[in-house]
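The values are calculated or read from the model by the stated rules, or taken from the named source; none is laboratory data. All values derive from a computational prediction rather than experimental measurement. With ideal geometry, Cβ positions are generated from the backbone for all residues, glycine too; neighbour counts draw on all protein chains shown.
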Amino acid sequence: MWEKISLLRMIADPRHWVEYPWFFRFHRWHKIGQPAPDFELPLATGGKLKLSDLRGRPAAFMFVALTCPPAMIQVKRWAALQQKFIENETTLFFIYSRERHPGEPGYREYRHTRTDEEKMANARNLSTQTRLPVLVDGVDEKVLRLYGKVPNPAFVVDAEGRLVFYSTWADSSKIETVLDALTLR
């Protein structure tokens, strides 16, 4: 992972200071136990998914991009989570955000997406690498901004549609712990 991105450039690049102005206020954005903000997004494979339509079962989702090494590591790990929680009717899915490190080493073929069609093409590419549904946030990143524009966030919503967990730098082991607690019968 380290060879694919320049951490020094990431920290020192003033564009990132502007891009994540709310990073340190993230914990104040969301209240555990409150209804999760609803959204409806297109699926990379066709159709749409609305978060409120999943009520009656827990759901977990993570914002991803093909050019985000930590997210791509988690994509593989979430596949194992899907297998574990499929019997509990838990829904896991990804929301494709925008490219995080396009043009950097390891991602030279990717550019910043400027249209929803470009994002959809990248999301379709990701959907060939996973069995989890891939939803596509628009180029305006409305849903990412609604949930907190921070690096690689993940969220867990209970069967009643309440937010029960969120974190930056999504970690499948944390998601698994939360889902274990939610699905105990």
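Among the criteria (1) touching a residue at least 60 places away in the same chain (Cβ under 8 Å); (2) out of contact with any Leu (no Cβ under 9 Å at 6 or more places or on another chain); (3) surrounded by fewer than 20 Cβ atoms within 10 Å (Cβ to Cβ), the one ARG108 does not fulfil is (1). Listed by first and then second residue, the pairs linking a residue in region 80-91 that is in contact (Cβ under 8 Å) with a residue 12 or more places away in the chain and among the aliphatic types (A, V, I, L, M) to a residue that is surrounded by 14 or more Cβ atoms within 10 Å (Cβ to Cβ) and assigned to a helix (DSSP H, G or I), with Cβ atoms under 9 Å apart and 6 or more places separating them unless they lie on different chains, are ALA80/SER172; ALA80/GLU176; LEU81/SER172; LEU81/ILE175; LEU81/GLU176; LEU81/LEU179.
Per the listing ASP171, ASP158, the residue uniquely touching a Pro at 6+ places or on another chain (Cβ under 8 Å) and in contact (Cβ under 8 Å) with a residue 60 or more places away in the chain is ASP158. When ARG98 is tested against (1) in a loop (DSSP other than H, G, I, E, B); (2) more than 13 Å from CYS68 (Cβ to Cβ); (3) out of contact with any Leu (no Cβ under 7 Å at 6 or more places or on another chain); (4) without any contact (Cβ under 8 Å) to a residue 60 or more places away in the chain, exactly one condition is not met: (2). Of all the listed residues (ARG100, ARG114, ARG124, ARG131), the sole one being among the charged types (D, E, K, R), more than 22 Å from ALA36 (Cβ to Cβ) and touching a helix residue (DSSP H, G or I) at 6+ places or on another chain (Cβ under 7 Å) is ARG131. Put simply, of PHE85, PHE61, PHE39 the only residue that is under 18 Å from SER167 (Cα atoms) and among the aromatic types (Phe, Trp, Tyr) is PHE61. Among the residues making up region 113-165, those that are touching a Ser or Thr at 6+ places or on another chain (Cβ under 6 Å), within 22 Å of PRO58 (Cα to Cα) and of a type in the set (A, V, I, L, M) are VAL134, LEU144, ALA154.
Here GLU3, GLU87 are screened, and the one residue that is at pLDDT below 90, surrounded by fewer than 16 Cβ atoms within 10 Å (Cβ to Cβ) and in contact with a Pro (Cβ under 8 Å, 6 or more places away or on another chain) is GLU3.
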